[in-house]
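Read through the structure below, which is laid out as structure tokens, and then see the notes.
The values are calculated or read from the model by the stated rules, or taken from the named source; none is laboratory data. For clarity, every value in this text was computed on a predicted model and none was experimentally measured. As a convention, Cβ positions derive from the backbone with ideal geometry for all residues, glycine included, and neighbour counts pool all protein chains shown.
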Amino acid sequence: MSYKINNKDFGSIEEFVMQGRGCATTTPNHYQIRRNDNKIARVRSSGNRGSGAIIPVKFIHIKDGELGEISESQRIQQIEVLNEAYSSFGLTFTYDPSSVVNIDNAEWYRMDHGSWAERDAKRALHSNPRNILNFYTAGLSEGLLGWATFPWELDGDPERDGVVMLAETLPGGNATNFNLGKTAVHEVGHWLGLWHTFQGGCDAYGDHVGDTSAHQAPNYGKPERGERHNACSSETNDAPIHNYMNYVDDQWMDEFTSGQVGRIYDHLTIYRQEFLS
Ligand SMILES: [Zn+2]
């Protein structure tokens, strides 16, 4: 099966991810992890953790001529996919069509994670990240599906806050197997402070979520149910092959655990209180 992203053919999803990394969200460092864990402990002991949130989304479409065009129908479907994933946990995403930004800039369109193009584009186009989720779409550097900033980065670098999505991953886009809008669910998961379920493999600190089994590495494609796959030997449960924070195809992603939802609300309470309802 061929995986076509950004008009380039990859022989397999593994080849695509090897070449392009897929999600470029960076791994938090040990200092950030320790600091965040301490804050979470305080929120939990205080008993003041939030339990509902409304998150307005501002779509910012960076285009190169006709490339990167996103339709109103795609925006509406993307919001629906986000709400399907999150609303049962009390998180609602809203969208105001009058807030949409379209801009033509070939350099920004090909932005890479951490590049000057990303910095310049966000500086020019972002809205107050305390009141809105800045949701950028672009063509991105080769092989990338998207990336996000973490909530603990907001204070130090507010203009960079938000998610960046390969335009073709929005519902109805051309990113085969990644065009149901689940990349946005995954990246928004990072924006809410979740890590990959395979974070650290079997040896390190994991994703700090008690009910996602540690597993050695990402899962790809459409792994079958009823097998352990690459779950670590210390785990009694199978690898979380349907979790949004894994790397499986869009069609296969449909799960957050209660432990992940708890951490989302820890982070909203600590870093993004303005969204709490
Ligand atoms: Zn990711």
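Anything in region 241-258 that is assigned to a helix (DSSP H, G or I), over 15 Å from L91 (Cα atoms) and away from the ligand (no atom under 16 Å from the Cβ)? List them, or say none.
Q251, the sole residue that qualifies.
Per-residue answers, yes or no, for (1) exposed (fewer than 13 other Cβ atoms within 10 Å of the Cβ); (2) among the acidic types (D, E):
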{"site": "I55", "(1), (2)": "no, no"}
{"site": "Q78", "(1), (2)": "no, no"}
{"site": "V81", "(1), (2)": "no, no"}
{"site": "S88", "(1), (2)": "yes, no"}
{"site": "D104", "(1), (2)": "no, yes"}
{"site": "W116", "(1), (2)": "yes, no"}
{"site": "S127", "(1), (2)": "no, no"}
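Pairs only if they're at least six apart or on different chains, beta carbon under 6 angstrom, first in region 94-117 and under 17 Å from R160 (Cβ atoms) and modelled with pLDDT under 95, second surrounded by 13 or more Cβ atoms within 10 Å (Cβ to Cβ) and of a type in the set (S, T, N, Q); list them, first residue then second.
As it stands, the answer is D112/S141, since those pairs meet every condition given.
Does T183 satisfy the condition of being at pLDDT below 95 and within 16 Å of the ligand (Cβ to nearest atom)?
no
Restricting attention to region 226-238, does a residue exist that is of a type outside the set (S, T, Y), touching a Lys or Arg at 6+ places or on another chain (Cβ under 7 Å) and more than 16 Å from the ligand (Cβ to nearest atom)?
Yes - at least one qualifying residue is present in region 226-238.
Just to be sure I understand, how many residues within region 212-256 are of a type in the set (K, R) and either modelled with pLDDT under 90 or under 20 Å from the mean Cα position of the chain (by Cα) (or both)?
Matching residues across region 212-256 total 2.
For region 29-67, which positions are touching a Ser or Thr at 6+ places or on another chain (Cβ under 8 Å) and assigned to a strand (DSSP E or B)?
A53, I54, I55, P56, V57, K58, F59, I60, H61, I62
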